[in-house]
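Enquirer: First the structure, then my questions, so here it is.
The values are calculated or read from the model by the stated rules, or taken from the named source; none is laboratory data. Computed from a prediction, not measured in an experiment: that's the story for all the values here. Cβ placement follows ideal geometry from the backbone for every residue including glycine, while neighbour counts extend to all protein chains displayed.
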Amino acid sequence: MSDKIRWALLTTAKINDALIDPIRQAERSELVAVGSRSLERAKAYAQEKSIPKAHGSYEDLLADPDIDVIYNALPNGMHCEWTVKAAEAGKHVLCEKPLVISMEEFDQVESAAVDGDVTVFEAFMYLHHPQTRKVRSMIEEGQLGTIQLINSWFNFYLPPENAGNVRLQSDLEGGSAWDVGVYPNSMAVFMTGGRAPREVWADQIVGESSVDVAMRAQLKFGSGTIAQVSSGFRTAFRQAVYIVGDKGTIAIAEPWKPGVEGQDSHIIFSTIDGKEETITIPAVNPYLCEVQAMEACLLDGASPVVPLSLSREFLKSMLATYKSAATGQVVTM
């Protein structure tokens, strides 16, 4: 590999827009190709986005020897198949969340990554951002004491008449929890040490297309920490995280995309003696952070910020959430 890694987009989906500029801004990356199931569409997209090469099938893209890394932003139900195929073709993969939607699929991805000797990690951009790392370090340093409670949510309004949206399609594994619920779920797992909860209770609201349009869950971790997480498509936009310990509390007003518009981000640290401190995190695009993480893995031999071992714990928690919501019972891990 040269001193730059060569990226390709596996689809022409709109979500690519978040990553195109960061790839170009990163000093050790370049965007070289895009693939689509239609060559005409791929060429039009490549011209619009000034991408050098266009491929008329995903197979052709994976066969291109001038590509090092694939960004997989296909619908959830297609993540496993094409991440595995990319790994088998010797390509590294940044895969949109959720990485997969079953433990069987996870095992396939993990096996393909090992056999292909490639790096595969889940695109949780916020976990790469300095704001999230700062909060985790404060917890590890004991500044909050024993963590008692985590409240975390991510909701926005998706009209029911927008039935063509991939998020509402059950055959492509849509649903609010798989779409935005993975954020508060992963935040809770990450901030409690990276292990799935021991018990999960959840309740869902199922919409017109048979996917959850709201998910509310309570997670109990081995440490005793309780996390209350929620997601949904049927309320006004809202996001936040509160982490409560017996020595202090952290409030994160913008947990998921801090710095994406070039703005500083802020967390508020309150202590039990009434002191309050606003901690400012200088602006940095979280998508640039994950691109740079892939650079570090491939060019410096660094370990992923979001290793597959951590994604496995995220998945365990999500699967328990869906199982509890479907059965109405507490799921013990």
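Enquirer: Are any of the residues in segment 114-122 assigned to a helix (DSSP H, G or I), without any contact (Cβ under 8 Å) to a residue 40 or more places away in the chain, touching an Asp or Glu at 6+ places or on another chain (Cβ under 7 Å) and not charged (D, E, K, R)?
Expert: Looking for residues that are assigned to a helix (DSSP H, G or I), without any contact (Cβ under 8 Å) to a residue 40 or more places away in the chain, touching an Asp or Glu at 6+ places or on another chain (Cβ under 7 Å) and not charged (D, E, K, R), one finds at least one in segment 114-122, hence yes.
Enquirer: Determine, yes or no, whether Pro197 is surrounded by fewer than 24 Cβ atoms within 10 Å (Cβ to Cβ), farther than 25 Å from Lys85 by Cβ and in contact (Cβ under 8 Å) with a residue 12 or more places away in the chain. Give the derivation first.
Expert: Values: surrounded by fewer than 24 Cβ atoms within 10 Å (Cβ to Cβ): no; farther than 25 Å from Lys85 by Cβ: yes; in contact (Cβ under 8 Å) with a residue 12 or more places away in the chain: yes.
For Pro197, the condition - surrounded by fewer than 24 Cβ atoms within 10 Å (Cβ to Cβ), farther than 25 Å from Lys85 by Cβ and in contact (Cβ under 8 Å) with a residue 12 or more places away in the chain - is not met.
Enquirer: Exactly one of these conditions fails for Lys14: (1) surrounded by 21 or more Cβ atoms within 10 Å (Cβ to Cβ); (2) without any contact (Cβ under 8 Å) to a residue 12 or more places away in the chain. Give me its number.
Expert: (1)
Enquirer: Tell me yes or no: at least one residue of segment 45-52 is outside the structural domain of Val166 (by TED's automatic domain parsing) and touching a Pro at 6+ places or on another chain (Cβ under 9 Å).
Expert: Scanning segment 45-52 turns up at least one residue that is outside the structural domain of Val166 (by TED's automatic domain parsing) and touching a Pro at 6+ places or on another chain (Cβ under 9 Å).
Enquirer: Would you check which residues across segment 252-293 are in contact with a Lys or Arg (Cβ under 8 Å, 6 or more places away or on another chain) and in a loop (DSSP other than H, G, I, E, B) and list them?
Expert: Passing the criteria: only Ile272.
Enquirer: Which ones in segment 51-96 are of a type in the set (Gly, Ala, Ser) and in contact (Cβ under 8 Å) with a residue 60 or more places away in the chain?
Expert: Going residue by residue through segment 51-96, those that are of a type in the set (Gly, Ala, Ser) are 54, 56-57, 63, 73, 77, 86-87, 89-90.
Passing the criteria: Ala73, Gly77, Ala86.
Enquirer: Now for a separate question. Here are some conditions: (1) polar (S, T, N, Q); (2) in contact (Cβ under 8 Å) with a residue 12 or more places away in the chain; (3) outside any loop (DSSP other than H, G, I, E, B). Ser137 meets all but one. Which one does it not meet?
Expert: (2)
Enquirer: Among residues belonging to segment 301-323 that are of a type in the set (S, T, N, Q) and closer than 18 Å to Pro197 by Cα, point out the one that is surrounded by the most Cβ atoms within 10 Å (Cβ to Cβ).
Expert: Step by step, filter segment 301-323, then rank; the result is Thr321.
Enquirer: Take segment 108-122 and flag every residue that is closer than 17 Å to Lys97 by Cα and surrounded by fewer than 18 Cβ atoms within 10 Å (Cβ to Cβ).
Expert: Gln108, the sole residue that qualifies.
Enquirer: May I pose another question? Look through Asp3, Asp66 and report the one residue that is at pLDDT below 95 and not in a helix (DSSP H, G or I).
Expert: Asp3
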